[in-house]
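Below is one structure; the comments refer to it alone.
Every read-out reported here was derived from the displayed coordinates using simple, explicitly stated rules and does not represent laboratory data. No experiment lies behind these values; they were computed from the predicted model shown. Note that each Cβ is placed from the backbone with ideal geometry, even for glycine, and that neighbours are counted across all protein chains shown.
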């Protein structure tokens, strides 16, 4: 049943390709309908899933028998959480691209192809299949940014595509080696994970696969695609990039690299945790000095994704749970912030320079945007009551047990995070009040209904998870109960 | 055996020769006064029908057997290769319809069919003499096909370059083959392998091996014997270039694999990391690595789509050689699968280039600007072809590469070829850059205001769409070709050598 999230998206792509180009309304409707249907299926899948049932098979049929590759879709608590996130992000992204007027049907076709690929990655338990979906998602990203993007779009798009492709090339090397070493008779993740690869091989295979995936998660120092890509992308694409594509990387690192190569993980754990913390602090510091509104959010994504990677490296129950929750939470919050910057502010003022925005008194001109950004900002800086708080707190507790020194450094990252958010809120929206500047001469277009609905969905989600985290925590925790994932906990310090 | 039996055995080839004459005569006798388009169409149809009849005959496979000291080998694998070659010829003929570079229509198709006969004999031979003769028949036809556009000086230049390089490399090859004959006293591949001394290799044999490799390296456009390729791909009439890049590649790779794996059985040596030992494996490993490196890097700098395809072909030759390096059954399967899908992809890409070039007069990147608006279907097909060449799933190029690499890594002990596979995968990440440059022109750049409309006939569009569809289909369901067709054929040959 959950497999329909993938199929619906690709059916949507096919329908969009066949639509006449002039019919923009129909294109939007098809896209929104596909995304909503996907979200509905995702919800149904979550409700149908019995907690504690481990990895529930959806379908498992031979695909390429001569290489024993199977079309194996399944779901556990972790994938369900991320499928849910994808569903929400897809719907909201479409609401925020309602104003796209050029090449509408192509835009949504690429958009849905990307969504379909992302669903596929989260649901695949055959590594070949997972890799197919993972690479499938690269090309739509390129076109979404190169065609509909803004600043430096062709450069940003190419950089993102090449970084992703290099990452997936590294993953491919590791996967082929693992497949051959294990006797070349299965690509099934669960089966492969049972095989214990020689230690010497794991020592280099783990970094290959882990870093290959983590490039997409914005692991420092391979993060440089993220700010440029996010800034160049159109609003919906940056929401998806930060919201779900970066999670693809983190998910792959967790699901594939960490489960297949436990000895490699043990050897490289400290290094990667340190890189993650560098990412947290560095991302926050750089965000603090940006002049471009969108770059602030771009670098903040690098910083927050650092928490995901740090949480993964703790190998404690609380840290891993926190990491997955952080994936969800950051997907929602980053989506919200990018929506404000890209759609609500940039599409109206046509500038993202903080210094120019200062003079516009935006809190008066578009109060809803200011309100949304304040909520998003508070959630992003980790205020209790929002999902970010629950997630980052758990990661920090986990990190404190595993790497106390790094936990303290990561704490610094949080403090800097508060600083850049406050600075940005103040510069972008509220400085006009002090300067008592009149609102810009030509009034800005008011915030439209789709934007309000989209923002409301995201704000409600982060608030809901923040106030009642158990909703998701049970699901995530059950993901770490299956034998495949439970092995991770044995590697950590108690 | 009398001549009638022999005729029965070579009915497929004979049919093609007959078709060639029919195409020639019909055009000369009946069509001279008609418009070129009609003549092209008629000749292409005659060619296709002839090839299809031959295809049908081939599908009724006779008993596997060898005749005349390996000059003619009939087994499921050679029959399969002939069928693949014929399919490529049919597609080449069909995408030619849009062109009007010559009024010697009959001769043009005559040469294409003659080259096809050369390929068919080439793949079904295990005899050095026959291999050389068939290879020359193929090459000579291709030289003329390259020079066929007499209005274009580039065409003449390309053909001259191609011919001079080809003649030179043929001489090397012949010399190498004569050394092999001298060392083994045989011209049949199987017996050669039996008569050659076991390693360590005779120094003379090393010389022979290198010289043979020069000859084949030229045919498959591998570094450092690739210099003719960019000019030939650019200067030759588009259908000729497509033909050189597709059918001829399939046949050449197959016979190279056969000569190495059968003729030099026991002289493999090793190309594994830090344990190189002399033989043909390290030789090919070096050529493969050099081709992948140079092809991919040089392609980045190109601004002409056809030159880009040429350099990409050089890189692809390197990938295909990795399948040969696996030197096992899987390696052959992956080699046949990849060359076939690659040939389909390149034919499609040249089909699109052909149409654009016919309408706008050039094939620089700028001629493709904004093609997505002007010809949505062709653009979409071009996207599929380019992404398949780059190895993006779920297209055939991805699975083909994956299979090549997996079989090479799995060959031998302790992942010896992993170094080359890592290198190839890393360089294929580079290749995405230049393939995306083409797609960027098509989808991202705006068309200039005076850009000519890109019309094409329904037939051509259908052919190109069919090629794109098959690339997509073979990527999604590779076992249609692999498990059903290639693997049984290879197994049948390997189990009854």
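Classify the range A:108-191 as rounded, prolate or oblate, taking a ≥ b ≥ c as the square roots of the eigenvalues of its Cα gyration tensor: rounded when a/c is under 1.5, otherwise prolate if a/b is larger than b/c and oblate if not.
oblate
Give me the angle, in degrees from 0 to 90, between the Cα long axis of helix A:127-136 and the longest principal axis of the Cα atoms of chain A, rounded to the nearest 10.
Tilt of helix A:127-136: around 20 degrees.
Kindly express, to the nearest 10 degrees and within the range 0 to 90, the angle between helix A:404-425's C-alpha long axis and the longest C-alpha principal axis of chain A.
Relative to chain A, helix A:404-425 is tipped by roughly 30 degrees.
Could you work out the equivalent-ellipsoid semi-axes for the range B:282-397, taking the square root of 5 times each eigenvalue of the Cα gyration tensor, largest first, in whole Å? Please report the intermediate quantities before stating the final value.
Working: eigenvalues 168, 53, 19 Å².
Ellipsoid half-lengths, sorted descending, are 29, 16, 10 Å.
By count of other Cβ within 10 Å, fewest leading, how are B:162, B:433, B:108 ordered?
Lowest count first: B:433, B:162, B:108.
P(r) tail for the range B:268-497, what percent of Cα pairs lie past 27 Å? Walk me through the numbers before you get to the answer.
Details: 9781 of 26335 pairs.
Result: 37 percent of Cα pairs exceed 27 Å.
Could you please rank B:284, A:465, placing first whichever residue has the fewest other Cβ atoms within 10 Å of its Cβ? Don't skip to the end; give the middle numbers.
Working: B:284 28, A:465 24.
Lowest count first: A:465, B:284.
If you wrap the range A:3-490's Cα atoms in a convex hull and average its projection over all directions, what's the area in nm²?
Result: 20.6 nm².
Under a plain spin-label model, where a point goes 7 Å from the Cα along Cα-to-Cβ, how far apart in nm are residue B:300 and residue B:450?
The modelled label-to-label distance comes out at 3.5 nm.
Taking 25 Å as R0, compute the FRET efficiency from the Cβ-Cβ separation of residue A:33 and residue A:99 and round it to 0.05. All intermediate terms of the calculation are to be shown ahead of the outcome.
On the way: r = 19 Å, r/R0 = 0.74.
Once rounded, the FRET efficiency stands at 0.85.
Can you tell me the orientation of helix A:104-123 relative to chain A, as the angle in degrees between its alpha-carbon axis and the longest Cα principal axis, to the nearest 10?
For A:104-123 against chain A, the angle is about 40 degrees.
Give the calculated FRET efficiency between residue B:484 and residue A:60 to the nearest 0.05, with a Förster radius of 22 Å applied to their Cβ-Cβ distance. Don't skip to the answer; put the middle values down first.
Working: r = 22 Å, r/R0 = 1.01.
For R0 = 22 Å, the calculated efficiency reads 0.50.
So what's the gap between the Cα centers of the range A:362-377 and the range A:228-252, to the nearest angstrom?
With the range A:362-377 and the range A:228-252 each reduced to a Cα centre, they are spaced 23 Å.
So for the pair residue B:273, residue B:458, with labels modelled 7 Å out along Cα→Cβ, what separation do we get in nm?
Label-label distance for residue B:273 and residue B:458, simple model: 5.7 nm.
What does the extension gain come out to for residue B:469 and residue B:45, with contour length at 0.36 nm per residue minus their alpha carbon separation?
Here the answer is 150.5 nm.
Starting from the Cα-Cα distance between residue B:151 and residue B:329, subtract it from 0.36 nm times their residue separation and give me the gain in nm to one decimal.
59.4 nm
How many angstrom lie between the Cα centre of the range B:67-122 and the Cα centre of the range B:11-56?
Taking the Cα centre of each part, the range B:67-122 and the range B:11-56 sit 12 Å apart.
Provide the descending list of Cα extents for the protein assembly as shown along its principal axes, expressed in whole angstroms.
99, 64, 45
Could you pull the Cα extents of the range A:14-106 along its three principal axes, largest to smallest, in whole Å?
The Cα atoms of the range A:14-106 stretch 46, 35, 15 Å along the principal axes, largest first.
Given the C-alpha atoms of the range B:406-497, compute the convex hull and give its volume per residue in Å³.
Residue-normalised Cα hull volume stands at 170 Å³.
Roughly what would the spin-label model give for residue A:204 and residue B:373, points 7 Å off Cα along C-beta, in nm?
Distance between label points: 5.1 nm.
Please work out the FRET efficiency for the pair residue A:489 and residue A:11, using the Cβ-Cβ distance as r and a Förster radius of 51 Å; give the result to the nearest 0.05.
0.80
Which of rounded, prolate or oblate describes the range A:263-346 when judged by the alpha-carbon gyration tensor and an a/c cut-off of 1.5?
oblate
Return the whole-Å distance between the Cα centroid of the range A:22-44 and the Cα centroid of the range B:421-488.
28 Å
Give or take rounding to whole Å, what are the principal axis extents of the alpha carbon atoms in chain B, in descending order?
68, 54, 41
Taking the beta-carbon count within 10 Å as an exposure proxy, list A:101, B:268, A:22, B:333 from fewest neighbours to most.
Starting with the residue having the fewest Cβ neighbours, the order is A:101, A:22, B:268, B:333.
Distance from a point 7 Å along Cα→Cβ of residue A:50 to each backbone N in the range A:465-482: keep the residues under 16 Å and list them by number.
A:478-479, A:482
Helix-only estimate, please: 222 nm mean residue ellipticity of chain A, summing -39500 (n - 2.57) across DSSP H runs of length 4 or more and dividing by its residues, to the nearest 500.
Working: 24 runs with 348 residues, N = 494.
The helix contribution divided over chain A gives -23000 deg cm²/dmol.
For residue A:452, put the label point 7 Å out on the Cα→Cβ axis and report which residues of the range A:358-384 keep their amide N under 13 Å from it.
A:367-369
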